[in-house]
Amino acid sequence: MQIWLGILVILVMVYLLAKRYETRMVLFGTGMALAIIAGKPMGAFASFTKALQDWRILEPIVASMGFAMVARVTSCDKHLIALLANALRKAGPFLIPGAIFVTAAINSSLTSAAGVAAAVGSILIPLLMAAGVHPSAAASAVMAGTFGSNYNPGHVHTVLVADLAQKTPMDVLAVQSVPLTIALVIGAVSLTAVTFYLKENKGYDLKVSNAASDLDSLKINYLYTIVPMLPLIILILGTTKAVPVLQMPVSHAMLIGVLVALVVTRSNPAKVSEAFFKGFGESFGHIFGIIVTAFVFVDGMNALGLIKALINTMTTSPAIAKLAAALGPWALAVISGSGEAASIAFNKAVSAHASQFGLDTVHMGSMATLSGAIGRTMSAISGATIICAGFAGINPLEIAKRNAPGMVIALIVTYLILMH
């Protein structure tokens, strides 16, 4: 009876997420309800405390988001966007794929999907429209690049999977960077084909908006353009041992990035410090908050025996576990608009036990991560989708329809690569 009540509570949770109720509230409330059904009402509070003490996950996440905020307030991100946008103007027939990869490149440094949609979309969407691209295609191109954040070693999912597998974030990136790149290429090719089929690649007439025209008056400082990518460059050089002295934790690379930004831009140190800790705090409240509440939810499932039952089922059929890693986070992300909640909950509940299914934790965790990101990219109710649609003046569903074919193909190919 308890098990069935627990399943009912989880179905209610999925419904509430689909209706866009606050994610952390829903996860915590569901975890508490499951703990109460299991006869352990204080278990949710104990799980909350335990999750807050997991500094191994917290450190790289808050440092990465703090650095992203510094890149924003010093305008280094603006110079990088301007540089890439100017290059995009010369892309010709590769305008739409170019927009996708430009967005993904910027997203690898500014890891918030909604944040990069706002920063990049305000410039690239009008720029594409001014080049004759239909508003729906322009918005879809920016949206299709918003899972480039998974290239960042400080991204929440990379850090979480690394912690579960007892590996470094760069070890996880070594596994997921190839399928991630292939997924982006598939998304770009598919959207380009859809755009050509619908004849949306040229012929639209629009003057460039103020945000896009400002690029012409901005004198690009090339040192500024390097700053947002510097921590990633440091980590790659250190991990590959090309420059052994650069082997360091993710948080240290982000702090070096902050110091370099301060020196290069000659910004007010107090302003930079304030920005870093503002990003630090926002990531703690939002991103780490989701991790904490997901932990409460997973512990509630554990208290009821749902995780054990799920693992027993998957142990008898590893094929089910493989499909669950691909389809579970993807489906929840599509209907809820949040790839984070879906992937984090799945990885904590299931990927942590990957070895029991005869699977590798990094591969399974990466599959869940990318499937959640792919699902969010084709969701009509994702925050990033709504922002892109707003800049283009269209219905968010138009973006979802154009990106869906490529994202579905990308999901299948990612599954074949990671779960073979």
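The values are calculated or read from the model by the stated rules, or taken from the named source; none is laboratory data. These numbers come from a predicted model, not from an experiment. In this analysis, Cβ positions are derived from the backbone assuming ideal geometry, glycine residues included, and neighbour counts consider all displayed protein chains. SASA here: full protein model, heavy atoms, side chains in, ligands and nucleic acids out. Shrake-Rupley method; radii C 1.70, N 1.55, O 1.52, S 1.80 Å.
Pairs linking a residue in segment 235-251 that is buried (at least 16 other Cβ atoms within 10 Å of the Cβ) to a residue that is outside any helix (DSSP H, G or I) and among the basic types (Lys, Arg), with Cβ atoms under 9 Å and 6 or more positions apart or on different chains, are Gln247/Lys241. When every residue of segment 255-269 is checked against the conditions, none turns out to be surrounded by fewer than 16 Cβ atoms within 10 Å (Cβ to Cβ), touching a residue at least 60 places away in the same chain (Cβ under 8 Å) and either closer than 24 Å to Ser112 by Cα or more than 21 Å from the chain's Cα centre (by Cα) (or both). Do we find that Gly281 is part of a helix (DSSP H, G or I) and touching a helix residue (DSSP H, G or I) at 6+ places or on another chain (Cβ under 6 Å) in this structure? Spelling it out, it is not the case that Gly281 is part of a helix (DSSP H, G or I) and touching a helix residue (DSSP H, G or I) at 6+ places or on another chain (Cβ under 6 Å).
Pairs linking a residue in segment 369-390 that is within 16 Å of Leu191 (Cα to Cα) and touching a residue at least 24 places away in the same chain (Cβ under 8 Å) to a residue that is assigned to a helix (DSSP H, G or I) and among the hydroxyl-bearing types (Ser, Thr, Tyr), with Cβ atoms under 7 Å and 6 or more positions apart or on different chains, are Ser379/Thr385. When Val161 is tested against (1) of a type in the set (A, V, I, L, M, F, W, C); (2) at pLDDT below 90; (3) within 15 Å of the chain's Cα centre (by Cα), exactly one condition is not met: (2). Listed by first and then second residue, the pairs with beta-carbon distance under 8 Å, at least 6 apart or on different chains, first residue in segment 131-158 and at positive phi, second of a type outside the set (Ser, Thr, Tyr) and open to solvent by 10 Å² or more (accessible area, probe 1.4 Å), are Gly132/Asn201; Gly132/Lys202; Gly132/Gly203; Gly132/Asp205.
Can we say Lys50 is of a type outside the set (Phe, Trp, Tyr) and under 20 Å from Phe284 (Cβ atoms)? For Lys50, the condition - of a type outside the set (Phe, Trp, Tyr) and under 20 Å from Phe284 (Cβ atoms) - is met. With respect to the conditions (1) open to solvent by 30 Å² or more (accessible area, probe 1.4 Å); (2) touching a Lys or Arg at 6+ places or on another chain (Cβ under 7 Å), Lys308 falls short on a single one, namely (2). When Lys167, Lys199 are checked against the criterion of being closer than 22 Å to Ile287 by Cβ and of a type in the set (Lys, Arg), a single residue qualifies: Lys167.
Within segment 215-226, can one find any residue that is modelled with pLDDT under 70, part of a loop (DSSP other than H, G, I, E, B) and of a type outside the set (Asp, Glu)?
The answer is no; no qualifying residue exists.
Among the residues of segment 276-299, write down those that are farther than 30 Å from Val26 by Cβ and either surrounded by fewer than 23 Cβ atoms within 10 Å (Cβ to Cβ) or β-branched (Val, Ile, Thr) (or both).
Filtering segment 276-299 for residues farther than 30 Å from Val26 by Cβ gives 276.
Once the filter is applied, which keeps residues that are farther than 30 Å from Val26 by Cβ and either surrounded by fewer than 23 Cβ atoms within 10 Å (Cβ to Cβ) or β-branched (Val, Ile, Thr) (or both), segment 276-299 yields nothing.
Taking the criterion of being in contact with a Pro (Cβ under 9 Å, 6 or more places away or on another chain) and open to solvent by less than 10 Å² (accessible area, probe 1.4 Å), the residues of segment 393-417 that qualify are Ala410, Thr414.
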